[in-house]
Amino acid sequence: MKNIIAFAGSNSADSINKQLATYASSLVDGVEVDVLDLNDFETPMYSKQLEEAEGHPENAKKFFKKIKNSDGIVVSLAEYNGAYTSAFKNLFDWMSRIEVKTFCGKPMLLMATSPGARGGQSVLGIANSRFPIHDADIVAKYSLPSFNDNFKDGKIVNDELNEELEEQVEQFKNAL
């Protein structure tokens, strides 16, 4: 059986992006899903000097191993000031020092959501251009606008937006 990982690019305890990633991954039939929480993979702030003195943090190694051992990645990125959260960016920085090809060629469903009408479009644009450099195979993308209006009780309540996600999930599933 195939195994996928799902996570939010956020360390918020009530992350709306984790809710979206969890929901989207539940739509992928016939796979085992490991929902990861960035809070379980905290790392010190990256610096060249720290890396030289102490090497790579165990939590960065553990997260990278989760990616490497998976068959696919479902990620929903939180957008802080138009970019990645510092928690995600720091972990990403550490992992890229372990292996520049951080995403190991794994099929990826790349998503974002926000309370606003743009649904994290800025961070999606950044990730869409950056992640392939790190060997992400972005096979599907999805943005959920106005999270608080469109997501209730663990699922998307807007039929049109839910159908759009289901189409992207199908593309992701076919790439596994």
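Among the residues of the range 85-109, those identified as touching a strand residue (DSSP E or B) at 6+ places or on another chain (Cβ under 6 Å) and not charged (D, E, K, R) are GLY105, PRO107, MET108, LEU109. Where helices (runs of 4 or more DSSP H) sit wholly within the range 5-95, those with at least 2 residues that are under 24 Å from TYR142 (Cα atoms) and at pLDDT 95 or above occupy 16-26, 58-69. The residue pairs whose first member lies in the range 148-168 and is within 15 Å of VAL28 (Cα to Cα), whose second member is in a loop (DSSP other than H, G, I, E, B) and aliphatic (A, V, I, L, M), and whose beta carbons are closer than 8 Å, counting only pairs six or more residues apart or on different chains, are LEU165/LEU27; GLU166/LEU27.
Here's the yes/no breakdown for (1) more than 29 Å from MET1 (Cα to Cα); (2) out of contact with any Ser or Thr (no Cβ under 8 Å at 6 or more places or on another chain):
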{"position": "ASN59", "(1), (2)": "no, no"}
{"position": "PHE63", "(1), (2)": "no, yes"}
{"position": "ASN69", "(1), (2)": "no, yes"}
{"position": "TYR80", "(1), (2)": "yes, no"}
{"position": "ALA112", "(1), (2)": "no, no"}
{"position": "LEU124", "(1), (2)": "yes, no"}
{"position": "PRO132", "(1), (2)": "no, yes"}
{"position": "ASN162", "(1), (2)": "no, yes"}
{"position": "VAL169", "(1), (2)": "no, yes"}
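Filtered by the rule that a residue be more than 15 Å from LYS89 (Cβ to Cβ) and free of Cβ contacts under 8 Å to residues at least 60 places away in the same chain, the range 130-147 gives PRO132, ASP135, ASP137, ILE138, VAL139, ALA140, LYS141, SER143, PRO145, SER146. Of the residues that make up the range 93-101, is at least one touching a residue at least 24 places away in the same chain (Cβ under 8 Å), closer than 28 Å to GLU170 by Cα, out of contact with any His (no Cβ under 8 Å at 6 or more places or on another chain) and crowded, with 16+ Cβ neighbours inside 10 Å? No, the conditions are met nowhere in the range 93-101.
State all residues of the range 37-65 that are hydroxyl-bearing (Ser, Thr, Tyr) and either touching a strand residue (DSSP E or B) at 6+ places or on another chain (Cβ under 7 Å) or surrounded by 12 or more Cβ atoms within 10 Å (Cβ to Cβ) (or both); if no residue qualifies, say none. The answer is THR43, TYR46. For the range 147-162, the criterion of being within 17 Å of the chain's Cα centre (by Cα) and surrounded by 15 or more Cβ atoms within 10 Å (Cβ to Cβ) is met by at least one residue. Considering the range 119-176, the residues that are assigned to a loop (DSSP other than H, G, I, E, B) and hydrophobic (A, V, I, L, M, F, W, C) include one that is nearest to VAL75 (Cα to Cα), namely ALA136.
The values are calculated or read from the model by the stated rules, or taken from the named source; none is laboratory data. Keep in mind the model is a prediction, meaning the values are calculated, not measured. Positions of Cβ are generated from backbone atoms using ideal geometry, with glycine treated the same way; all protein chains shown enter the neighbour counts.
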